[in-house]
Amino acid sequence: MAVTIKDVAKKANVSISTVSRVLSDSPKISEKTKKHVRKVIEELGYHANLNARSLVQQTTKTIGVIMKHSASEAVHTTFIPEVLRGISYVCNKYDYSIRLSTGESEEDLFQDVLKMVNGKQVDGVLVLYSKKDDPVVDYLIQSQIPFVILGKPTKDVNKIAYVDNDNILAAMDATQYLIKLGHMRIAFIGDDKKYEVTNARLAGFQQSLRANQLEICDEYIKNINYNYDEGVQVIHELLSLPVPPTAMVLTDDLNALIVLSALSKIGLKVPEDVSVICFNNSTISRVSNPRLTSVDIQIFQLGYEAAKTVIEQINEPNALKKSLIIPTKIVERDSCKKIIPRTLANLPKNERVPI
């Protein structure tokens, strides 16, 4: 005969409602009691009847995950697989399933969200991006379904739960790292400008230049949207300048890999000719040639905390919405090289151009 929740409650000497709250990880139950009940659950080999519980509680035990790219494009980024690993870890722990968005366009994605929420297919939603005037977020606010944004909201910051890095500070640190190596001509290569994370990192890059009394040159600011041909064109434009950059900050390590290839194609070496620092610290950073110095944004932890936060909202709908900032750190590898420090005052006249 199958073990029931009553059997668990009896052996643990607690009420059935307490066992139920332990299964949903309610904050109303002490960690000591949770530990005790979970031990009994393991000893008895109890498995919750999730279908029956969902019917009784009118829940789906499913989290909707909205990606900024279509499903076909998302798998090619370094960010999505790792953030999904963090989300999946938490969902597995709390017996939740994941429902991924499947649209191939922004309109398709929005319609998919409508289906998720109106069709009561999910209990909460994770939005894996932040951008200005996003109809998805506007709709989620209106629907009052629990949701969390991965990234800083562009409005209603105090009303929306989010998990993010301090991207301005992280970009300042990356730029400062190059400046300390003696680089004064530094390019910035972001990805899609419509997303908040790209703009925040550009702001940090610019703040670091100002703090070091280095001027900002628009010709040194470029964007690549994970496209090899775009990368080749950007590198051609940068290196064709009268005074090309000696170092580059890239906001994504997949784009950094594209840049490495583009530089190699024209016979330039990293870091001998150009230093490169990027973001994400994914597998690409560790296996590229040369291995990339990268800002570790802790992608797994971003997904983990986002999933945990939305489940807490689902279980405690009246609790205050919270936001978390995940720290970053620079992982030094082989793509950056120290050069002889120079100032604008002692640069040759033909190199005295705004940076």
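Tabulated results
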read-out	value
Linear extension gain, Asn158 paired with Asp273, 0.36 nm per residue minus alpha-carbon span	36.9 nm
Selected from Arg333, Arg38, Arg85 as most flexible by GNM, with the chain as the system and alpha-carbon contacts under 10 Å	Arg38
Accessible surface, per residue, of the chain when the full set of protein chains is kept, probe 1.4 Å, Å²	50
Ranked order, Cys278, Cys217 - accessible area, probe 1.4 Å, largest first	Cys217, Cys278
Loop-resident sites, the range 123-214, for trypsin sites (Lys or Arg not before Pro), counting at most 14 other Cβ within 10 Å (DSSP)	Lys132, Lys155, Lys159, Lys193, Lys194
GNM flexibility winner over the chain from Val22, Val113, Val122 (Cα, springs under 10 Å)	Val22
Heavy atoms of Glu43: accessible area, 1.4 Å probe, square angstrom to 10	110
Ser240-Glu215 pseudo-label distance in nm [points 7 Å out on the Cα-to-Cβ vector]	2.3
Gaussian network model of the chain, Cα within-10 Å springs - most flexible of Glu42, Glu316, Glu215	Glu42
Distance in nm between pseudo-label sites at Glu104 and Lys321 (7 Å out along the Cβ direction from Cα)	3.4
Rounded to the nearest 10 Å², the accessible area of Met184 at probe 1.4 Å	30
Separation of alpha-carbon centers, the range 155-205 and the range 1-17, rounded to whole Å	52
Placed amide H near Ser97: partners under 5 Å, 5+ positions off or other chain	Thr62, Ile63
Ser264 accessible area, 1.4 Å probe, all protein chains in place, Å² to nearest 10	80
Degrees separating the helix 228-239 axis from the principal Cα axis of the chain, which is the longest one	40
Ranked order, Ile149, Ile168, Ile29, Ile266 - accessible area, probe 1.4 Å, largest first	Ile266, Ile168, Ile29, Ile149
Efficiency of FRET between Lys93 and Arg286 - r from beta-carbon atoms, R0 30 angstrom, step 0.05	0.65
In range of the label at Lys39: residues from the range 12-27 whose backbone nitrogen is under 18 Å from the point 7 Å along Cα→Cβ	12-15, 19, 22-23
The range 231-267 versus the range 79-134: alpha-carbon centroid distance in Å	34
Share of carbon and sulfur in the accessible heavy-atom surface of the chain [1.4 Å probe, %]	51
Between helix 299-315 and the chain: long-axis angle, C-alpha atoms, 0 to 90°, nearest 10	30
Point-to-point label distance, Ile266-Val331, nm (Cα→Cβ direction, 7 Å offset)	2.9
Candidate values (i) 22.2; (ii) 24.2; (iii) 20.5, label of the one derived for mean projected area of the Cα convex hull in nm²	(iii)
Helix 31-44 vs. the chain, principal-axis angle (Cα, 0 to 90°, nearest 10)	70
Calculated from backbone phi, Karplus (6.51, -1.76, 1.60) coupling profile of the range 242-254 in Hz, x at Gly/Pro	x, 10, x, x, 9, 8, 9, 9, 10, 7, 8, 6, 5
Aspartates and glutamates whose Cα lies under 17 Å from that of Lys159, excluding same-chain neighbours fewer than 8 positions away	Asp133, Asp134, Asp138, Glu312, Glu316
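The values are calculated or read from the model by the stated rules, or taken from the named source; none is laboratory data. Source: prediction; values computed, not measured. Please note: Cβ atoms are built from the backbone with ideal geometry, for glycine as well, and neighbour counts cover all protein chains shown. All accessible areas refer to the heavy atoms of the entire protein, side chains included, with ligands and DNA or RNA removed. Shrake-Rupley method; radii C 1.70, N 1.55, O 1.52, S 1.80 Å.
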